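Just so you know, all these numbers are worked out from the coordinates, no wet-lab data involved. Please read these numbers as outputs of a predicted model, since none were measured by experiment. Note that each Cβ is placed from the backbone with ideal geometry, even for glycine, and that neighbours are counted across all protein chains shown.
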Amino acid sequence: MKNILRGLLFVSFFKISILGAMASDFPEVIISNFEGSYQGVSGEAFAERFSIAEEFDWRQVSFQVFKESTQMRFQGPEGEFVWEDVPTFLLELQKITWSGAQANSGASPNKVSLSLASFQGHHPQHTLKLTRFDLDCEDAQKSLIHSALESCIHRGRLSWKNLETSSQSSLKLFNDVLYPLSGSVQASQVKLEDLSLNIDQGRFNLAVKADLDIRLSLRANGRVSFVPGSSPQSGELTLRLDKVKAGFLNITGRVFSEIEKINHPQLRVARPYIYVTFP
């Protein structure tokens with residue numbers, strides 16, 4: 001359950017595993033209309049185009065999907081693609097269905113884009129649904145790029161239409177943060193609608209509508225930076241959270257208090273900063 005909560009907290013700022021695959025001087029990646037599903041440890045997928053740099057360029061390709069320990073393997077008729085270090089909260093889902101996945105990097109200089117029409121994940125104790133996810137990032141100077149993540153911090157736009165989860169830990173988080181605005185939350189799921197995150201040279205503004213039993217407009221702003229490590233996917237993300245508001249109420253302190261309760265070796269809080277380490 002804590003992994004689902006971490007996923008919800010961090011999804012606004014990075015799709016680190018996917019961006020890691022695009023990292024390091026923006027190799028050309030083109031993925032078109034990628035869709036699929038799996039249940040248990042195997043499933044099927046299809047893409048109109050699946051092209052990764054100079055490694056392969058597959059058209060109208062069908063895959064067998066295998067979930068293996070910390071990775072997912074997509075086996076096609078001409079070879080395979082392995083997604084390593086898949087986030088734990090995704091691996092814990094027993095059934096996943098996705099559609100309309102698109103990815104593009106390298107074709108347009110210094111730009112990365114990701115989009116997803118829909119995603120549904122099911123676990124015996126909770127569900128996770130996401131619709132109309134979009135991410136666009138660009139960096140003004142290619143010579144300064146270490147990874148696609150740095151590009152998103154320079155200038156990035158992230159949005160989704162709707163995210164829903166029935167995770168009890170997420171319900172508790174929102175209840176603790178928004179109380180006494182919301183009172184005792186009786187809703188069976190959390191809905192985060194019309195999220196918009198804009199980053200310009202490290203400054204970010206976030207807006208989202210939270211729907212439990214009542215509807216609240218949440219806004220946050222601050223700064224974000226990333227110091228790369230020795231490998232393309234390692235480093236430390238620093239988030240300075242200046243203000244979080246629910247309607248007219250400042251809830252910054254409540255947000256920090258709840259994040260401080262998350263006991264994870266890669267997460268550290270020193271107000272007003274939040275540090276996330278990628279080994």
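Could you work out how far apart the two model spin labels at Arg132 and Asn263 are, taking each label as a point 7 Å from the Cα in the direction of the beta carbon, and quote it in nm?
4.1
Which whole-Hz couplings ³J(HN,Hα) result when phi for each residue of the range 42-48 is put into the Karplus expression 6.51 cos²θ - 1.76 cosθ + 1.60, θ = phi - 60°, listed in order with x for Gly and Pro?
With the stated coefficients, the range 42-48 comes to 8, x, 9, 8, 8, 9, 5 Hz.
Extending each Cα 7 Å along its Cβ direction at His123 and Lys209, get the distance between those two points in nm, one decimal.
2.8
Along the range 273-279, what does the Karplus equation 6.51 cos²θ - 1.76 cosθ + 1.60 (θ = phi - 60°) give for ³J(HN,Hα), rounded to whole Hz, x for Gly and Pro?
With coefficients 6.51, -1.76 and 1.60, one gets 9, 10, 10, 10, 9, 10, x Hz.
Evaluate the distance, in nm, between pseudo-label points positioned 7 Å from the Cα of Ser231 and of Glu80 along their respective Cα→Cβ axes.
Taking the simple label geometry, Ser231 and Glu80 are separated by 1.9 nm.
Kindly provide the GluC sites (Glu not before Pro) of the range 73-126 that DSSP labels as loop, not H, G, I, E or B, and whose Cβ sees at most 14 other Cβ atoms within 10 Å.
Glu78, Glu84
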